[in-house]
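FYI, it's all coordinate maths here, none of it is from the lab. The structure presented is a predicted model; accordingly, all values stated were derived computationally and were not measured. Heads up, the Cβs are rebuilt from the backbone with ideal geometry, glycines too, and the neighbour counts pull from every protein chain shown.
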Amino acid sequence: MTSIRFFIFSFLLCSFNSENTSFCQNFKKGSFDVMIDGESDIYFRIERTEESQVETNIYDDKVYYSIQWMNDCSYIQKFDKSKMKLTDEMRMINKDGGIVVELLEVQNDTCISYQSYVKKFKNLSLKKGLFCQRK
């Protein structure tokens with residue numbers, strides 16, 4: 001009887017987790033506009049695949065990242081030294097574990113809120129904003 005209860009509990013827990021993270025699937029790859037909370041003049045466009053991301057700012061400068069997904073709604077991005085020359089700050093961020101990006105909550109059919117931070121310095125580097133799918 002105990003094993004049946006454990007099985008039912010495990011099944012319900014897995015079902016709950018998959019429902020809660022399934023909304024992230026639409027934001028794993030594609031083209032997105034990125035807005036950072038409190039910084040209305042900062043805007044980025046990103047192109048993301050399962051393993052990489054290119055970020056383009058309003059001046060058409062590009063930054064390249066490699067991506068490692070931790071789960072359906074979180075990934076770590078590191079500056080891609082094979083595609084660009086890294087600054088000292090970029091090398092330091094990579095050495096400190098990269099930038100953690102957590103997809104939080106769907107705002108509508110095309111936007112999701114997120115937070116990002118340098119892995120070892122969350123309190124100092126926390127940023128929040130929106131990823132919105134480009135049409």
Take the residue pairs Lys28/Lys135; Lys83/Lys127; Lys62/Lys120 and return only those whose Cα atoms are more than 21 Å apart.
Lys83/Lys127; Lys62/Lys120
Pop a pseudo-label 7 angstrom from the Cα along the beta-carbon direction at both Lys83 and Gln115 and give the gap in nm to one decimal.
2.7
Once amide H atoms are placed 1.01 Å from N in the peptide plane, what residues at a sequence separation of 5 or more from Phe44, or on another chain, have their amide H within under 5 Å of its amide H?
Val34
For the residue pair Gln133 and Asn71, what label-to-label distance in nm results when each label sits 7 Å from Cα along the Cα-to-beta-carbon direction?
2.3
In whole Hz, with x marking every Gly and Pro, tabulate ³J(HN,Hα) for region 75-81 from phi via Karplus 6.51 cos²θ - 1.76 cosθ + 1.60, θ = phi - 60°.
9, 10, 10, 10, 5, 8, 6
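Please give the length that would be gained between Lys95 and Asp33 if that part of the chain were fully extended, namely 0.36 nm times their separation in residues minus their C-alpha to C-alpha distance (nm, one decimal).
Working: separation 62, 0.36 × 62 = 22.32 nm, distance 2.74 nm.
Contour length minus the Cα-Cα distance gives 19.6 nm.
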In whole Å, what is the distance between the alpha-carbon centres of region 98-123 and region 25-93?
12
If you count, for each residue, the other Cβ atoms within 10 Å and average over each peptide, how do 53-60, 100-107 line up from highest to lowest?
100-107, 53-60
Gain in length, Leu124 to Thr56, computed as 0.36 nm per residue apart minus the alpha-carbon separation, to one decimal in nm?
22.1 nm
Rounded to whole Hz, the Karplus (6.51, -1.76, 1.60) HN-Hα couplings of region 62-74, x for glycine and proline:
10, 10, 10, 10, 9, 10, 10, 6, 8, 7, 4, 10, 9
